[in-house]
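One structure is given here, and the rest of the page talks about it.
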Amino acid sequence: MPKSTRTVRVALGEALREVGELTFESDGRRETSMFRYSPAWLEDAARFAIAPGLPLSEGRFFASGSGTDRRSALSGVFRDGAPDAWGRGLIRRAFAGTLSEFDYLLAVNDETRQGSIRYLEEEGSPLAPPEATFPLGALSELRRLAGAHDLSGPDRRALVRSAGSLGGARPKASLRDQDDWLLVAKFTTRQDTRPIERVEVATLELARSVGIDAARARIALPESELPVALIRRFDRTSADRVHYLSALSFLDLDPGAVAFYTDIADALRVHAAEPLQQLTELYRRILFTILVANGDDHLKNHGLLYAGAGRFVLAPAFDVNPEPHRHRHLETGISELSGNEASLEAALEAAPFFEVRRDQAAATAAGMASTIRHEWRGRLAAVGLRDEQIRSYEPAFENEEARWALRIPPR
């Protein structure tokens with residue numbers, strides 16, 4: 001198969017500040033990409049490295065993928081704005097032929113693409129130009145489209161427009177609320193055996209109760225058997241797009257790579273604004289993840305937002321999903337010493353890696369456990385769970401780690 005080569009200009013935000021160019025090559029077996037910063041960006045007073053693995057320089061940055069590892073054909077900061085399982089499935093259904101990673105990347109709606117990166121045609125206009133996002137009033141129709149097994153061509157394209165940019169494996173879509181704020185709608189499906197969307201919203205509220213910066217969320221169509229979780233996008237402001245990196249990209253790792261919370265902590269020390277504050281926030285999230293049996297804390301579900309002056313801060317916590325009947329382990333382990341063990345004792349032993357004293361860590365864990373014990377049932381009831389559903393989630397919130405937190409021995 002002959003080699004194909006395509007190049008696009010890379011820009012940031014609503015102002016379309018051009019930062020460089022991305023070239024993609026494919027010969028049918030191997031796909032590669034090359035990024036380089038533009039000379040104008042390297043001289044710009046507002047310049048910054050769009051990812052730690054792409055430091056400001058005149059050099060070229062290469063990525064390569066083949067076989068079952070095609071996603072590595074794009075550097076992480078670009079992969080973060082490409083579709084994941086749900087979006088890729090929609091795009092495959094909407095477009096004929098074999099698709100490259102570049103095809104998936106550019107099939108995404110420019111308006112809803114995650115983060116601030118945008119791709120420009122030669123004359124400077126956005127590739128995949130902005131299309132009107134669905135309003136909140138279209139939620140029921142979007143839910144119908146997301147649950148349909150056989151969509152017409154126009155319906156497929158409409159769903160790709162709304163959902164193609166989104167990560168994860170569950171059905172979802174993008175829309176705007178009455179204040180024109182961009183939202184992610186997460187849909188309950190008829191195949192769900194648990195009220196996943198309701199519980200996610202309740203758990204994000206619980207996270208804020210214990211002092212964690214968490215994404216804003218609410219339940220729409222609450223009386224329906226198929227309610228929708230609406231999550232407010234935190235990579236947007238009223239006037240601009242905010243540069244975003246997943247923790248996987250922040251650590252400059254390929255998909256499937258293994259890393260630990262201590263690795264994120266080390267990267268925060270180097271690249272974070274107010275590192276001690278960010279380390280404390282990250283540590284609190286570890287404790288909360290253990291206390292609520294969150295089963296979805298992999299590296300793509302931790303994010304960073306650009307804070308200016310070449311520095312990043314943790315994005316609000318998102319995709320927190322208690323798993324009441326799953327074997328307890330962490331998707332992102334605390335450290336190499338404890339591996340993926342979901343253990344508060346291991347978390348307390350690791351506290352110094354996050355610049356937290358053990359006595360402070362113990363007090364924080366005990367305070368969180370107490371708040372969770374007093375609030376979790378009410379939070380679940382407030383989003384519409386029935387009594388038997390609340391009881392089914394008890395193992396996630398009333399677990400041995402939570403009980404241990406309330407009786408942590410002094411040190």
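(1) at pLDDT below 95; (2) surrounded by 15 or more Cβ atoms within 10 Å (Cβ to Cβ): which one isn't true of H327, the others all being true?
(2)
Only one residue in A402, A369, A365 is at pLDDT below 95 and touching a Leu at 6+ places or on another chain (Cβ under 7 Å). Which one? Even if it seems obvious, please write down each step before you answer.
Details: A369 fails: at pLDDT below 95; A365 fails: at pLDDT below 95.
The conditions single out A402.
Of all residues in the range 143-173 being over 30 Å from V19 (Cα atoms) and modelled with pLDDT of 80 or more, which is surrounded by the fewest Cβ atoms within 10 Å (Cβ to Cβ)?
Of everything passing the filter in the range 143-173, R144 is surrounded by the fewest Cβ atoms within 10 Å (Cβ to Cβ).
Has the range 250-261 got at least one residue that is of a type outside the set (F, W, Y) and in contact with a Phe, Trp or Tyr (Cβ under 8 Å, 6 or more places away or on another chain)?
At the first step, the residues of the range 250-261 found to be of a type outside the set (F, W, Y) are 251-259.
Checking the rest, the ones that are also in contact with a Phe, Trp or Tyr (Cβ under 8 Å, 6 or more places away or on another chain) come to none.
The answer is no; no qualifying residue exists.
With the checklist (1) over 21 Å from D254 (Cα atoms); (2) in a strand (DSSP E or B) in hand, flag the one item L22 doesn't pass.
The single condition L22 does not satisfy is (1).
Can you tell me which residue among R60, R71 is without any contact (Cβ under 8 Å) to a residue 40 or more places away in the chain and not aromatic (F, W, Y)? Lay out the reasoning, then the answer.
Values: R71 fails: without any contact (Cβ under 8 Å) to a residue 40 or more places away in the chain.
Just one listed residue meets the conditions, R60.
Filter the range 104-128 down to residues that are outside any strand (DSSP E or B) and more than 23 Å from the chain's Cα centre (by Cα) and give me whichever is surrounded by the most Cβ atoms within 10 Å (Cβ to Cβ).
So the first thing to find is which residues in the range 104-128 are outside any strand (DSSP E or B), and the list is 104-116, 121-125, 127-128.
Right, trim to more than 23 Å from the chain's Cα centre (by Cα) and you get 121-125, 127.
On the way: E121: 12, E122: 9, E123: 6, G124: 10, S125: 10, L127: 15.
Among those that are outside any strand (DSSP E or B) and more than 23 Å from the chain's Cα centre (by Cα), it is L127.
For G28, all conditions in the list (1) crowded, with 16+ Cβ neighbours inside 10 Å; (2) assigned to a loop (DSSP other than H, G, I, E, B) hold save one; what is the number of the exception?
(1)
Given the criterion surrounded by 14 or more Cβ atoms within 10 Å (Cβ to Cβ), touching a residue at least 24 places away in the same chain (Cβ under 8 Å) and not assigned by TED's automatic domain parsing to the domain that holds L183, identify the matching residue among L42, L54, L90.
Values: L42 fails: touching a residue at least 24 places away in the same chain (Cβ under 8 Å); L54 fails: touching a residue at least 24 places away in the same chain (Cβ under 8 Å).
On inspection, the qualifying residue turns out to be L90.
What is the residue count in the range 383-397 for residues that are surrounded by 15 or more Cβ atoms within 10 Å (Cβ to Cβ) and either over 26 Å from the mean Cα position of the chain (by Cα) or part of a helix (DSSP H, G or I) (or both)? Step through it out loud before you land on a result.
Our first condition is that a residue be surrounded by 15 or more Cβ atoms within 10 Å (Cβ to Cβ); within the range 383-397, this holds for 383-385, 389-390, 392-393, 395-397.
Subset that is either over 26 Å from the mean Cα position of the chain (by Cα) or part of a helix (DSSP H, G or I) (or both): 389-390, 392, 395-397.
Residues meeting the conditions: 6.
Any idea which residue in the range 12-23 is nearest to S125 (Cα to Cα), counting only those that are surrounded by 21 or more Cβ atoms within 10 Å (Cβ to Cβ) and touching a residue at least 40 places away in the same chain (Cβ under 8 Å)?
L12
Out of curiosity, is G333 buried (at least 20 other Cβ atoms within 10 Å of the Cβ), at negative phi and at pLDDT below 95?
Numbers: buried (at least 20 other Cβ atoms within 10 Å of the Cβ): yes; at negative phi: yes; at pLDDT below 95: no.
It is false that G333 is buried (at least 20 other Cβ atoms within 10 Å of the Cβ), at negative phi and at pLDDT below 95.
Tally time: how many residues in the range 73-103 are under 14 Å from the mean Cα position of the chain (by Cα) and not in a helix (DSSP H, G or I)?
Qualifying residue count, the range 73-103: 5.
Scan the range 283-317 residue by residue and report those that are among the hydrophobic types (A, V, I, L, M, F, W, C) and either within 15 Å of the chain's Cα centre (by Cα) or more than 23 Å from Q360 (Cα to Cα) (or both). Walk me through how you get there before you give the answer.
Of the residues in the range 283-317, the ones among the hydrophobic types (A, V, I, L, M, F, W, C) are 286-288, 290-293, 299, 304-305, 307, 309, 312-315, 317.
Selection gives L299, L304, L305, A307, A309, F312, V313, L314, A315, A317.
Check every one of the strands (runs of 3 or more DSSP E) wholly within the range 210-255 and list those with 2 or more residues that are modelled with pLDDT under 95 and loosely packed, with under 15 Cβ neighbours inside 10 Å. Before you say what the answer is, go through the steps one by one.
Values: elements: 217-220, 228-232, 244-246.
Result: empty, no element qualifies.
The values are calculated or read from the model by the stated rules, or taken from the named source; none is laboratory data. Here the structure is a predicted model, which means the values were calculated and not measured. Here the Cβ is made from the backbone with ideal geometry for all residues, glycine too, and neighbour counts use every protein chain on show.
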